[in-house]
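The values are calculated or read from the model by the stated rules, or taken from the named source; none is laboratory data. The structure displayed is predicted, hence computed values, not measured ones. Cβ sites come from the backbone with ideal geometry, for glycine too, and all protein chains shown count toward neighbours.
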Amino acid sequence: MRYLNGKTYVSYKMQKKMRNLVYYKTNDFKKSTHPDSKCPRCGNFIWGNELEVDHYGISFREIAGTFVDTYVNDLGKTIDEFYNSMRYVLDDVLNVYYIRNENELNYLESKFREKKDSRIDDVLFWIQFHNASMTLKVMHKKCHQMKSKETQK
């Protein structure tokens, strides 16, 4: 079991779906990164598939935990409501593993609005919350893995 932000339990499965909803942001950042970027951890240049995107300052887990705390405590909703909205949008409607780009997200939102389906609101709230809370940087894949292991302790 993982407790995010010390308050709310968020399963690995739920964290994965939350990551998949914001995948397009980290992927866009990765594509826009200058090819001769240096890893902030080891100071070496990062080449090709050695590059990974990292949440800087506040980790993804902390952003997710704070979001779930807000969703439950401030909005009075349940974790199950949020998970079911994510599952419905990704699995049942999109039939994809993750949102690939902003155009796909905009198309998705317009389809839900046409049907007056409010489940998209939970998903958009998460995406907006994440995007407002994050700062991204690039790291070597191995350095990122070591950092992630250290923060899980």
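Quick notes
- Pairs linking a residue in segment 39-58 that is without any contact (Cβ under 8 Å) to a residue 40 or more places away in the chain to a residue that is exposed (fewer than 13 other Cβ atoms within 10 Å of the Cβ) and assigned to a loop (DSSP other than H, G, I, E, B), with Cβ atoms under 7 Å and 6 or more positions apart or on different chains, are 45/36.
- Of all the listed residues (109, 114), the sole one being among the acidic types (Asp, Glu), within 28 Å of residue 78 (Cβ to Cβ), surrounded by fewer than 12 Cβ atoms within 10 Å (Cβ to Cβ) and at pLDDT 85 or above is 114.
- Qualifying residue in segment 57-64 (condition: modelled with pLDDT of 90 or more and assigned to a helix (DSSP H, G or I)): yes
- The residue that is surrounded by the most Cβ atoms within 10 Å (Cβ to Cβ), counting only those in segment 123-153 that are under 12 Å from the mean Cα position of the chain (by Cα) and of a type in the set (Gly, Ala, Ser), is 133.
- Output for segment 27-56, where each listed residue is of a type in the set (Val, Ile, Thr) and modelled with pLDDT under 90: 33, 46
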